[in-house]
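What follows is calculated from the coordinates using simple rules that are stated; it is not laboratory data. Computed from a prediction, not measured in an experiment: that's the story for all the values here. Quick reminder, even Gly has a Cβ in these numbers, built from the backbone with ideal geometry, and neighbours come from all protein chains shown.
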Amino acid sequence: MTDPDLSGAIWRKSVRSGGATNCVEIAGGLPLTVAVRDSKDPAGPTLTFAFGAWDTFTAQVKGGSCNSR
């Protein structure tokens, strides 16, 4: 599997981050992909998800299905 081209990514942090620098950023503007990175290391590694997988993940988080351990 090859890494997707993230040159067109539009990165954003949640407005709930309050301007903190230790946040997760997500990128839209990519075909069929949502990218995630650490805001402290924008040139570092990214995780990418297909739209369906991202939608499932965010729905489970919003619904309380994801528990921290």
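A few points about this structure:
- Inside the range 14-33, residues that are of a type in the set (Ser, Thr, Tyr) and either within 19 Å of residue 4 (Cβ to Cβ) or surrounded by fewer than 10 Cβ atoms within 10 Å (Cβ to Cβ) (or both) make up a count of 2.
- Answer residue from the range 34-45, given it is assigned to a strand (DSSP E or B) and surrounded by fewer than 17 Cβ atoms within 10 Å (Cβ to Cβ) and is nearest to the chain's Cα centre (by Cα) among those: 36
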